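Reviewing the structure listed below.
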Amino acid sequence: MTTEGIEEHRSVYRLLPSMADFQLLHFGEEVVDLLRWQRGGSEGPHPVQFTAEWVGDPGWPKNEFPNGGPSLPVLSRRIADLLWSDLEGAGKLLPVPIKDADDDYLLYLVERVADCLDSERSSPPDVIGRIRESVFRADDIPTDVPAFRATAFPTAVCWNGWAARLLSGLLGDQLECRLVWSEDPGSVPHPDPWGF
């Protein structure tokens, strides 16, 4: 997606790797510990050990945003270095050892949590906590950081529109940006932003 498709209004996106021919990272069971930490209010020590392996045709290039799980965005070192001054305001970057590879990738552990989802106007969560139609209170969105997690859906990383535009410009066809919500009434959110 190009930056033209992302509007200037306050908006929230889910970012995931595109369905183009790129290798992606698959994580092991330690992701469950991260989900527990996120669901538990991000209290206490967060998980620090993450391992992953590349999946996909070995002839394909490696995506620089290689994981589609909404809880654990991963960035290449190149992208992380370019955006570090923005990223550090919402969380920290943790190294991801990759099986049989020495690639330098980092998990973006988003610690910033905001009470900004309008639960009365949003659809109820499904059995695994996903909210299909989200309505945010615009003034409560932490727009000073690239990403945050909403208290009503703490296992999903939400990206502010300005950060989605920035990453889309850097990653081009490696990235899919799904609109979750916008204050622009003319914008149409993705029909299933948290699904696959």
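All of (1) under 15 Å from the mean Cα position of the chain (by Cα); (2) farther than 24 Å from Phe27 by Cα; (3) in contact (Cβ under 8 Å) with a residue 24 or more places away in the chain hold for Val110 with one exception: (2). Among the residues making up the stretch 155-196, those that are of a type in the set (Val, Ile, Thr) and open to solvent by 10 Å² or more (accessible area, probe 1.4 Å) are Thr155, Val188. When the stretch 117-151 is filtered for residues that are touching an Asp or Glu at 6+ places or on another chain (Cβ under 7 Å), of a type in the set (Lys, Arg) and over 19 Å from Pro191 (Cβ atoms), only Arg137 remains. Restricting attention to the stretch 129-139, the residues that are under 16 Å from the mean Cα position of the chain (by Cα) and buried (at least 22 other Cβ atoms within 10 Å of the Cβ) add up to 1. Take the conditions without any contact (Cβ under 8 Å) to a residue 24 or more places away in the chain and either open to solvent by 20 Å² or more (accessible area, probe 1.4 Å) or aromatic (Phe, Trp, Tyr) (or both) and apply them to Gly89. Does it pass? No.
Restrict the check to the stretch 71-79 and report whether at least one residue is surrounded by fewer than 15 Cβ atoms within 10 Å (Cβ to Cβ) and either modelled with pLDDT under 95 or not in a loop (DSSP other than H, G, I, E, B) (or both). The answer is yes, given that some residue of the stretch 71-79 is surrounded by fewer than 15 Cβ atoms within 10 Å (Cβ to Cβ) and either modelled with pLDDT under 95 or not in a loop (DSSP other than H, G, I, E, B) (or both).
Considering every residue within the stretch 36-55, establish whether at least one is closer than 30 Å to Val188 by Cα and in contact with a strand residue (DSSP E or B) (Cβ under 9 Å, 6 or more places away or on another chain). Checked the stretch 36-55: at least one residue is closer than 30 Å to Val188 by Cα and in contact with a strand residue (DSSP E or B) (Cβ under 9 Å, 6 or more places away or on another chain).
Quick check on Val48: is it under 22 Å from Glu88 (Cβ atoms) and surrounded by fewer than 18 Cβ atoms within 10 Å (Cβ to Cβ)? Against the criterion (under 22 Å from Glu88 (Cβ atoms) and surrounded by fewer than 18 Cβ atoms within 10 Å (Cβ to Cβ)), Val48 qualifies. Screening the candidates Pro185, Pro142, Pro154 for the property of being at pLDDT below 95, under 23 Å from Glu88 (Cα atoms) and either over 16 Å from the mean Cα position of the chain (by Cα) or not hydrophobic (A, V, I, L, M, F, W, C) (or both) yields one hit, Pro154.
The values are calculated or read from the model by the stated rules, or taken from the named source; none is laboratory data. None of the values given here were measured: they were computed from a predicted structure. Here the Cβ is made from the backbone with ideal geometry for all residues, glycine too, and neighbour counts use every protein chain on show. Surface areas here come from the heavy atoms of the whole protein model, side chains and all, with no ligands, DNA or RNA. Shrake-Rupley method; radii C 1.70, N 1.55, O 1.52, S 1.80 Å.
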